[in-house]
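Shown next, in structure tokens, is the structure this report addresses.
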Amino acid sequence: LRASRATWVAGRAPEDGLAVTVKLRHASAPVPATFRPVEGGAERFELAFDTPQRAVSPGQAAVLYLGDEVLGGGFIEGAT
């Protein structure tokens, strides 16, 4: 999944390859993924999910967590 318009709680993107959990919908359970920054700024990133995710649509938010800590998130552009 590719995302843009990211906002980071710490003011900077997480490190490349960080294992995170991601919520794609408010009521959904977090799912494991790997974070990858995208060249061109801290506002774009990619996520590689451990298992395929269904019904992921452009415009939805992707919120990243490290344990219970919110790292930030962005808006989904599309699948990678």
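The values are calculated or read from the model by the stated rules, or taken from the named source; none is laboratory data. Quick caveat: nothing in here was measured; it's all calculated off a predicted structure. Here the Cβ positions follow ideal geometry from the backbone for every residue, glycine too, while neighbour counts run over all protein chains shown. Ligands, DNA and RNA are excluded from the accessible area calculation, which covers all protein heavy atoms including side chains. Shrake-Rupley method; radii C 1.70, N 1.55, O 1.52, S 1.80 Å.
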Original post:
If we only count strands (runs of 3 or more DSSP E) wholly inside the range 1-75, which ones have 1 or more residues that are without any contact (Cβ under 8 Å) to a residue 60 or more places away in the chain and open to solvent by 40 Å² or more (accessible area, probe 1.4 Å)?
Top reply: 19-23, 31-37, 45-49, 61-66
Original post:
In the range 18-40, which residues are farther than 18 Å from residue 80 by Cα and either in contact with a Cys (Cβ under 7 Å, 6 or more places away or on another chain) or small (Gly, Ala, Ser) (or both)?
Top reply: 27, 28, 29
